[in-house]
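Everything on this sheet refers to the single structure shown next.
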Amino acid sequence: MAMDGRAFVRVGIGAKIFGTAFLLVLLMTAAAIATSVMVREITIELTRINDAFVPITEAVAGVEVHALEQEILFERAVGRLQRTPPGDVAGLLGDFDARGEQVDDTIVQARKLVADVLPGIAHVEHREPLVRLDLMLEAIEREHAQFEEHARRVLTVLREGRQTLGAEMLALVQHEEEEFDRSTQQAAVAAAEFAHDAVRFAVVAEQRVFLMNLGLTALAALAGLALSVLLVRGMVRPVRDLVAATREIEKGNLATRVDNRSGDEIGELSRSFNHMTDELRLKEQIKETFGRYVDPRIVENLIGNGGGDLSAGQSAVYTVYFSDIEGFTAIAERLTPSAVVDLVNGYFTAMSEPIAAHKGIIDKYIGDSIMAFWGPPFADAAEHAALACRTALEQQVRLEAFQADVPDLTGMRRDAPRLGMRIGIATGEVVVGSIGSEASRNYTVMGDTVNLGARLERLNKLYGTRILVADATRRAADGDFAFREIDSVGVAGRQEPVRIFELLPAPAAPGSDVAHSHEAFAQALAAYRGGDWEAAEAGFRRGLELDPADRAPEVFLQRLESLRAAPPPAWDGVWRVHEK
C-alpha cells in the first residue's frame, strides 16, 4: 500500500525518536555495567579498609600505648625502690605485669589481623607493606619479652637492696626501652601509611568511576544531540512555520499568520492558531484604545470575564488617595494654555508611574488632581495601605527630579514655577463597582472613606504638611514608615473624629533638632488635648524654635489664641473643620 507524505513523516519521526532512545539506553546500560564493576572494586577496598586496615592501625597504636603505660609503671617502681627507705611496689608490679599482658595480647591481635587479610590481597604493592609490618610486629614481640625480662631483674636486684648493681642494670634496660619505643613508633607509622595508601587507592578508583561516567554521559549527550539535529531537520514545514509564528507572538507581533497547506492535525492546528491571533489582535486593540482612558488592568478584567467580577458593586476595605499641585491656579495664570497642558501632562506621567508600579488604580484626573485607590483584586488586602504610602513617598522624590523638566515644559527658562504636591490617604470601607448610565460607566469607589481622603489632601494646606494619612491607614501600614501625629479633627459628614498623621520621608535622626522638635510637638499636642493651654503653648513654641520650617506648631499657636479668646464650653481636644 502506498504511503502518503504525512504518514511517512509520522513514521520517520517516530523511528528517529525510538532510535535515539534505544541508543541512549544502550549507552546507559554500558555505563551502568562498567560502573557496577568498578564500584564493586571500590566497595571491596572500602570494606577491607574498614574491617582490616583500620583495626590493624588501631591495634599497632594500642601496642605503643600499652607499652608506654608499662614503661611508666616500671619507672615508678624503680623510683620507689631507690628511695631511702625503699617504698612498697607490690601494686605497681601487678599493674606492670597486667600492662605487659595487654601488650602481648595486642601484638598477637595485630598479627592475626595481618595474617587474615594477606590472602585476599592480590596486588604485590599492597602485600609487601603488610609483610614488612608483620615482621616488625614479630621483632617488637621479641623486644618486649626481652624488656620485661630485664626489667624484672632490675626490680629484683633493687628490692634486694643492691643499689649499685641495680643502677648499672637500669642503664641497660633504659637503652633497651628506647630501642623498643623506636620499634613501636616505626610500626605505628608504617601501619598508618599503609592505611593512608589504601584510602588513596580507593579515592583514585572512585575518580576513575566518575570520569568513566562523565565520558559515557557526554557520549550519550553528543549522540542524542546529533540524532536530535537529524530529527529537527526531518520535521515538516508546517511545524517549523508554527514554531516560528509562536515565537513572533511571544515577541508581540500579533500580525503573524501561518499558511495552511494540509488537512491533517497540523492543518487544524494552523487554522486554530490563525483564529487565536485574530482574537488576540482584537483584544489588544480594545485594550490599547481603552487603556488610555481606563486602567489596563480594569480593561483586561472586563474583557476577560465579561465584566462580571468588577461590574457588580460590592463593599470592601480600600485605601483611597488624592493629590494636587500646590498653588496650581497661580502657576497656570503665568503660562500659555499649551504650556499648561504640557506641564500637567508631564506631571501626570511622572506621578502616575509610581501608582501603577505599586499596584494602584488611577480613578481619574481632575484638573491638576489625581484620584487613585488600592484594593482587591489589584492589591492584597494586607498590603494596600503600605503600597499607597510607599507611592506617596516615591512621588515626592520624583517631583524633585521632575522639577528639572519644568523650564522646558513651560518655556520659562528663568523664574520657572516651583511645584509642590499635597497628598491625602485614607483607608476604610468603600463601595466599589462600575458606576454610571447604560451608555457610559466608570469603575470607581464611593463612600465616606473617599470623602475623607479628599479632605485630608486639602488639610495639608492648613497644617503646612505634604502627606496626611488617616489613623486607619497608619495602623494598616505601620512598621515600615515614619509617622507624626498632627491632630484629631472632626470633618464635615463624619460623626466620629479622625486622628490624622503626617507621613515622613524617614524618621528624624536621633538627637537632632528635628527629632527634639517632634518630641516637643507631641508633648504639646497632648497638653493641648488636655486643655492645658500654657503647657501646650510652651511646647509648640519650643518645637518652632528647634525647627522653624515646621508649619504645624504655628497653626496651633494661632489656634490657642482663638481658644483663649473664646473658650469652648466643652473641650474634647477635637478641632472641627467645617469646610468640605
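Readers should treat all values here as calculations from the given coordinates under stated rules, not as data from a laboratory. Given the structure is predicted, the values throughout are model-derived calculations rather than measurements. Don't worry about glycine lacking a Cβ; one is built from the backbone with ideal geometry, like all the others, and counts go over all protein chains shown.
The table that follows gives values for the structure above.
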item: Lys/Arg +1, Asp/Glu -1 at C-beta; region 315-507 dipole; positive extreme among Ala392, Gly436, Gly479; result: Ala392
item: Point-to-point label distance, Leu68-Val189, nm (Cα→Cβ direction, 7 Å offset); result: 1.5
item: Karplus 3J(HN,Hα) series, Hz, for region 495-511 with 6.51 cos²θ - 1.76 cosθ + 1.60 (x for Gly, Pro); result: 7, 8, x, 10, 7, 10, 10, 8, 7, 9, x, 6, x, 5, 4, x, x
item: Extension gain, Glu101 back to Asp415 (0.36 nm per residue minus Cα-Cα distance, nm); result: 102.3 nm
item: At R0 = 35 Å, FRET efficiency that the Cβ-Cβ distance of Tyr365 and Asp448 yields, to 0.05; result: 0.95
item: Karplus 3J(HN,Hα) series, Hz, for region 425-431 with 6.51 cos²θ - 1.76 cosθ + 1.60 (x for Gly, Pro); result: 10, 9, 10, x, 6, 9, 9
item: Built amide H within the under 5 Å cut-off of Glu326, gap 5+; result: Gly420, Met421, Arg422
item: Ranked by how many other beta carbons lie within 10 Å on average, peptides 354-364, 369-379, 427-437 from highest; result: 369-379, 354-364, 427-437
item: Full-extension gain in nm, Glu485 to Arg541, via 0.36 nm per residue minus C-alpha separation; result: 18.4 nm
item: Förster radius 35 Å - calculated FRET efficiency between Trp571 and Ala549, Cβ distance, rounded to 0.05; result: 0.75
item: Under 10 Å, Cβ to Cβ, from Leu73 - net charge with Lys/Arg +1 and Asp/Glu -1; result: -3
item: Contact order relative to length of region 508-570, as percent, for alpha carbon pairs under 8 angstrom and 6 or more apart; result: 29
item: Proximal charge balance of Arg159 [Cβ under 13 Å; K/R count +1, D/E count -1]; result: +3
item: FRET efficiency estimate (nearest 0.05) - Cβ-Cβ, Gln146 to Lys112, R0 30 angstrom; result: 0.85
item: Cα pair distances exceeding 17 angstrom across region 508-570, given as percent; result: 36
